[in-house]
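The values are calculated or read from the model by the stated rules, or taken from the named source; none is laboratory data. The shown structure was predicted, so the numbers you read here are calculated from the model rather than taken from an experiment. Cβ: placed from backbone, ideal geometry, glycine included. Neighbour counts: every protein chain shown. Just so you know, the surface numbers come from the protein's heavy atoms only, side chains and all, with ligands and any DNA or RNA stripped out. Shrake-Rupley method; radii C 1.70, N 1.55, O 1.52, S 1.80 Å.
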Amino acid sequence: MIYCVEDDNAIRELMIYTLDSAGFEARGFAEGKEFFRALEEEKPYLVMLDIMLPDEDGITILKRLRSRADTAELPVIMATAKGTEYDKVIGLDLGADDYIVKPFGMMEMISRVKAVLRRTRPKGDGGIRRIGNLEMNTGKHKVFSNGKQIELTRKEYELLQVFMKSPGRAFTREQLLQSVWDSDYLGGTRTVDVHIGTLRTKLKGCSAYIETVRGVGYRMEAGQ
């Protein structure tokens, strides 16, 4: 699935039609709010993101995507009518994977989409991470503990993903809160402890992999 965030209806519909015709499945969104609502239902494998949008601009949306554990590595191609060096540099510095200037041809768009997907899609292991008897398949959004699939909430999955990306690293509660919850979240770090507790319960035999680091927070390491 490719998400196209573009407020011009004609351009958005043409992008969706072209992507569908090229064998991709695509959905369109006119602004950031509906785009982020859709993210809660289904994660795409690439986002076409216009910079000039009616509510949040594309740069702000990109910052939010890169600040979340579940979308930090989501491929993003920025699009803008400005075509200025400043916009291009800012977008790429914030983690955009590519940049396309309006007006662009549909064949160029398809070519750039294919190039970004070749660079960013997991190779060989299909996006599989393993620590001891714990396995996370990021491509299929599945987690297995001792060979059995376990069901996690979105926040539990994102917490586990943070740990499995950096095994052995100690995270403070504040770092975990910032990585998994929105930057404007008003709750305290206690919510991290609660989610760690439910995550450990669901991991069962692998629960001991999440270690409490006294005076710091938590880290994940496979048992000896």
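Which of the residues that make up region 12-38 are in a helix (DSSP H, G or I), open to solvent by 30 Å² or more (accessible area, probe 1.4 Å) and in contact (Cβ under 8 Å) with a residue 40 or more places away in the chain?
Leu14
So Asp97 clears everything in (1) touching a strand residue (DSSP E or B) at 6+ places or on another chain (Cβ under 6 Å); (2) at pLDDT 90 or above except one condition, right? Which one?
(2)
If you go through region 126-138, how many residues are part of a loop (DSSP other than H, G, I, E, B) and crowded, with 18+ Cβ neighbours inside 10 Å?
Going through region 126-138 one residue at a time, the tally reaches 1.
Every residue in region 53-65 that is open to solvent by less than 40 Å² (accessible area, probe 1.4 Å) and either within 11 Å of Val5 (Cα to Cα) or of a type in the set (Asp, Glu) (or both), please.
Passing the criteria: Leu53, Gly58, Ile61.
Test Asp50 against the stated conditions and say whether it is charged (D, E, K, R), modelled with pLDDT under 95, open to solvent by 20 Å² or more (accessible area, probe 1.4 Å) and farther than 30 Å from Glu174 by Cβ. Spell out how you get there, then give the answer.
Details: charged (D, E, K, R): yes; modelled with pLDDT under 95: yes; open to solvent by 20 Å² or more (accessible area, probe 1.4 Å): no; farther than 30 Å from Glu174 by Cβ: yes.
So Asp50 fails the test.
Write out, first by first residue and then by second, each pair whose Cβ atoms fall under 6 Å of each other, whose residues are 6+ apart or on separate chains, and whose first residue, in region 202-219, is in contact (Cβ under 8 Å) with a residue 24 or more places away in the chain while the second is of a type in the set (Asp, Glu) and surrounded by fewer than 20 Cβ atoms within 10 Å (Cβ to Cβ).
Arg219/Glu211
Could you check, for region 57-76, whether at least one of its residues is part of a strand (DSSP E or B), among the hydrophobic types (A, V, I, L, M, F, W, C) and out of contact with any Leu (no Cβ under 8 Å at 6 or more places or on another chain)?
No: region 57-76 contains no residue that is part of a strand (DSSP E or B), among the hydrophobic types (A, V, I, L, M, F, W, C) and out of contact with any Leu (no Cβ under 8 Å at 6 or more places or on another chain).
Consider region 1-60. How many of its residues are of a type in the set (Asp, Glu) and over 30 Å from Lys142 (Cβ atoms)?
9
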